[in-house]
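*Asks:* The structure under discussion is supplied below as structure tokens; questions concerning it will follow.
The values are calculated or read from the model by the stated rules, or taken from the named source; none is laboratory data. As the structure is a prediction and not an experimental result, all values here were calculated from the model. Here the Cβ positions follow ideal geometry from the backbone for every residue, glycine too, while neighbour counts run over all protein chains shown.
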Amino acid sequence: DGKLYSQIKDPKHYGRKVLTEFVKAGAPEEILYVSKPHIGTFRLVKMVENIRHDIESLGGEIRFQQQVTDVLIEAGHLRGVVLASGEQIRTDHLILALGHSARDTFQMLYERGVFMEAKPFSLGFRIEHPQTLIDQARFGKHAGNPLLGAADYKIVHHAKNGRSVYSFCMCPGGQVVAATSEPGRVVTNGMSQYSRAERNANAGIVVGITPEDYPGNPLSGIEFQRQWESRAFELGGGNYEAPGQLVGDFIKGIKSSQLGAVEPSYQPGVHLTDLAPSLPGYAIEAIREALPAFERQIRGFSMYDAVLTGVETRTSSPLRITRGQNLQSLNVQGLYPAGEGAGYAGGILSAGVDGIRIAEAVASAMLGQAD
Ligand SMILES: Cc1cc2nc3c(=O)[nH]c(=O)nc-3n(C[C@H](O)[C@H](O)[C@H](O)COP(=O)(O)OP(=O)(O)OC[C@H]3O[C@@H](n4cnc5c(N)ncnc54)[C@H](O)[C@@H]3O)c2cc1C
């Protein structure tokens, strides 16, 4: 939804360039100076349209509804792509910015021998509280002051079982949204409009996991995600409602049967249940420990009626398409894995910064060829 902050190292200040381009494309100018810039979903859509027109005016072409289904590799060199229509596009330089849910394309690249490796990511739930509760905890007597807007938070807890539990993609005054990309699975995420004026605050409450939790091949993390996403679909009643539980019931380990003061925002709906079977035991244990501990940082955080909705599995890519020299694939020259799906970004700003780095690498390779 356009929270534009990132913790990446950015010695060349490419993040500033990304923000400047966004303003040119219609983002509010304040993103250049406020500490945690946010655009909101509606404005972001308009901006992407403007960026598209810009690309077209510079001679670029956007092809909608077309899928790359194969890559042509000859003796370790990228030579082109094949589209679902059967059309072949010959090229010596391909930037693959797939996003973290292009599971079919990851599979195809793996079968073609492109080097990739499993990487850590996180699993968990979305939590929803009344926004007023978060404002009160963060701003005290100044809660509700229009100059302050809706409060956010960022919290972390290191659990006794060695796992870290942390808040992810906190959305003040927003809603929990459906983010599955496959039938028979349920995945949650969150977003806010620019105004951040909706009744609930939401955030992912997620637990860090590593390839040791899903041993096998580089695609094992995807299978692990699928397993829990399918479980969430079943626990939600098999009709794309998300499984949910009151925080108080979750801590006690009892099934929820009735909502309290917090009305969840997820559409098409939340199916109350026991969330314990929806994630690995170590994740449930760590989150059960973390929620009361977060109370020390945000009073009311473990309020009985706060709602947990499952499952959050797409915090970042479960694999990395590893880059080597000049940001090209480790074993396929001319192939430039980029952005979040390749494991080199974790959000809008960092994906934009990575895009600039990749563009420079391609330009320098092409100049080298011209010499
Ligand atoms: C609900 C939600 C809210 C979010 N909110 C924020 C936020 O506030 N701030 C933030 O920083 N990040 C946010 N994110 C994350 C952010 O959207 C991503 O980190 C970012 O979009 C990654 O950019 P990318 O260019 O690497 O990949 P993407 O934006 O995922 O783009 C990948 C593109 O590749 C296409 N593609 C994949 N495979 C193929 C193929 N075989 N052929 C052709 N095309 C293909 C996909 O269709 C897609 O269009 C949010 C994500 C979600 C889902």
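*Asks:* Is it the case that some residue within the stretch 67-75 is at pLDDT 95 or above, within 15 Å of the ligand (Cβ to nearest atom), within 23 Å of the chain's Cα centre (by Cα) and in a helix (DSSP H, G or I)? Reasoning before the result, please.
*Replies:* Taking the stretch 67-75 first, the residues at pLDDT 95 or above are 67-75.
Within this subset, residues satisfying the condition of being within 15 Å of the ligand (Cβ to nearest atom) are 67-72.
Next, only the ones that are within 23 Å of the chain's Cα centre (by Cα) stay: 67-68.
Applying the additional criterion that residues be in a helix (DSSP H, G or I) yields none.
No, the stretch 67-75 contains no residue that is at pLDDT 95 or above, within 15 Å of the ligand (Cβ to nearest atom), within 23 Å of the chain's Cα centre (by Cα) and in a helix (DSSP H, G or I).
*Asks:* Hey, does the stretch 49-62 have a residue that's in contact (Cβ under 8 Å) with a residue 40 or more places away in the chain and at negative phi? Give the steps one after another, and end with the answer.
*Replies:* The initial filter retains those residues of the stretch 49-62 that are in contact (Cβ under 8 Å) with a residue 40 or more places away in the chain, namely none.
No: zero hits.
*Asks:* Looking only at the stretch 353-370, count every residue that is in contact with a Ser or Thr (Cβ under 9 Å, 6 or more places away or on another chain) and near the ligand (Cβ under 10 Å from one of its atoms) and tell me the total. Break it down into steps so the answer makes sense when it comes.
*Replies:* Our first condition is that a residue be in contact with a Ser or Thr (Cβ under 9 Å, 6 or more places away or on another chain); within the stretch 353-370, this holds for 353.
Now restrict to residues that are near the ligand (Cβ under 10 Å from one of its atoms): none.
Count: 0.
*Asks:* For the stretch 24-40, what are the residues that are under 15 Å from residue 349 (Cα atoms) and either within 12 Å of the ligand (Cβ to nearest atom) or surrounded by 15 or more Cβ atoms within 10 Å (Cβ to Cβ) (or both)?
*Replies:* Scanning the stretch 24-40 gives 25, 27, 31, 36, 37, 38, 39, 40.
*Asks:* Could you check, for the stretch 161-174, whether at least one of its residues is over 22 Å from the mean Cα position of the chain (by Cα) and surrounded by fewer than 18 Cβ atoms within 10 Å (Cβ to Cβ)? Can you show your working first?
*Replies:* Step one: filter the stretch 161-174 for residues over 22 Å from the mean Cα position of the chain (by Cα), giving 161-162.
Going one step further and asking which of them are surrounded by fewer than 18 Cβ atoms within 10 Å (Cβ to Cβ), we end up with 161-162.
Yes; the residues of the stretch 161-174 include at least one that is over 22 Å from the mean Cα position of the chain (by Cα) and surrounded by fewer than 18 Cβ atoms within 10 Å (Cβ to Cβ).
*Asks:* When the stretch 1-13 is examined, which residues are found to be assigned to a loop (DSSP other than H, G, I, E, B) and within 16 Å of the ligand (Cβ to nearest atom)?
*Replies:* Within the stretch 1-13, 1, 2, 4, 5, 6, 7, 8, 10 qualify.
*Asks:* Determine, yes or no, whether residue 302 is crowded, with 18+ Cβ neighbours inside 10 Å, more than 14 Å from the ligand (Cβ to nearest atom) and more than 30 Å from residue 242 (Cα to Cα). Break it down stepwise before answering.
*Replies:* Working: crowded, with 18+ Cβ neighbours inside 10 Å: yes; more than 14 Å from the ligand (Cβ to nearest atom): yes; more than 30 Å from residue 242 (Cα to Cα): no.
When the stated conditions are applied, residue 302 does not pass them.
*Asks:* If we scan the stretch 308-317, do we find a residue that is touching a helix residue (DSSP H, G or I) at 6+ places or on another chain (Cβ under 6 Å), within 16 Å of the ligand (Cβ to nearest atom), farther than 19 Å from residue 154 by Cβ and polar (S, T, N, Q)? Give the derivation first.
*Replies:* We begin by selecting, within the stretch 308-317, every residue touching a helix residue (DSSP H, G or I) at 6+ places or on another chain (Cβ under 6 Å); these are 308, 310-311, 313.
Those left that are additionally within 16 Å of the ligand (Cβ to nearest atom): 310-311, 313.
Narrowing the set further to residues that are farther than 19 Å from residue 154 by Cβ leaves 310-311, 313.
With the extra rule that they be polar (S, T, N, Q), the set shrinks to 313.
Yes - at least one qualifying residue is present in the stretch 308-317.
*Asks:* Same structure again: Please return the ranges of strands (runs of 3 or more DSSP E) entirely within the stretch 135-195 where 1 or more residues are within 16 Å of the ligand (Cβ to nearest atom). Can you show your working first?
*Replies:* On the way: elements: 156-158, 164-178, 188-191.
Passing ranges, in order: 164-178, 188-191.
*Asks:* Taking residue 342 as the residue in question, decide whether it is aliphatic (A, V, I, L, M), surrounded by fewer than 20 Cβ atoms within 10 Å (Cβ to Cβ) and either modelled with pLDDT of 95 or more or within 7 Å of the ligand (Cβ to nearest atom) (or both). Walk me through it before giving the result.
*Replies:* On the way: aliphatic (A, V, I, L, M): yes; surrounded by fewer than 20 Cβ atoms within 10 Å (Cβ to Cβ): no; either modelled with pLDDT of 95 or more or within 7 Å of the ligand (Cβ to nearest atom) (or both): yes.
Considered against the rule, which asks whether it is aliphatic (A, V, I, L, M), surrounded by fewer than 20 Cβ atoms within 10 Å (Cβ to Cβ) and either modelled with pLDDT of 95 or more or within 7 Å of the ligand (Cβ to nearest atom) (or both), residue 342 comes out as no.
*Asks:* Counting just the residues of the stretch 115-153 that are of a type in the set (A, V, I, L, M) and farther than 27 Å from residue 316 by Cβ, which one comes out surrounded by the fewest Cβ atoms within 10 Å (Cβ to Cβ)? Lay out the reasoning, then the answer.
*Replies:* Here is the first cut: in the stretch 115-153, the ones of a type in the set (A, V, I, L, M) are 116, 118, 123, 127, 133-134, 137, 143, 147-148, 150-151.
Now narrow it down to the ones that are farther than 27 Å from residue 316 by Cβ: 133, 137, 143, 147-148.
On the way: 133: 21, 137: 18, 143: 17, 147: 5, 148: 12.
Going through the qualifying residues, I end up with 147.
*Asks:* Quick test for you: out of 274, 305, 354, pick the one residue that is farther than 23 Å from residue 155 by Cβ and over 23 Å from the mean Cα position of the chain (by Cα). Spell out the reasoning first.
*Replies:* Numbers: 305 fails: farther than 23 Å from residue 155 by Cβ; 354 fails: over 23 Å from the mean Cα position of the chain (by Cα).
Exactly one of 274, 305, 354 is farther than 23 Å from residue 155 by Cβ and over 23 Å from the mean Cα position of the chain (by Cα), namely 274.
*Asks:* If you don't mind, there's one more thing I want to ask. Does any residue of the stretch 318-325 turn out to be closer than 30 Å to residue 75 by Cβ, modelled with pLDDT of 95 or more, within 13 Å of the ligand (Cβ to nearest atom) and assigned to a loop (DSSP other than H, G, I, E, B)?
*Replies:* Within the stretch 318-325, one or more residues are closer than 30 Å to residue 75 by Cβ, modelled with pLDDT of 95 or more, within 13 Å of the ligand (Cβ to nearest atom) and assigned to a loop (DSSP other than H, G, I, E, B).
*Asks:* Name the one entry in 16, 52, 79 that is under 29 Å from residue 318 (Cα atoms), within 14 Å of the ligand (Cβ to nearest atom) and among the charged types (D, E, K, R). Please lay out each step first, then the result.
*Replies:* Details: 16 fails: within 14 Å of the ligand (Cβ to nearest atom); 79 fails: within 14 Å of the ligand (Cβ to nearest atom).
Unique residue meeting the criteria: 52.
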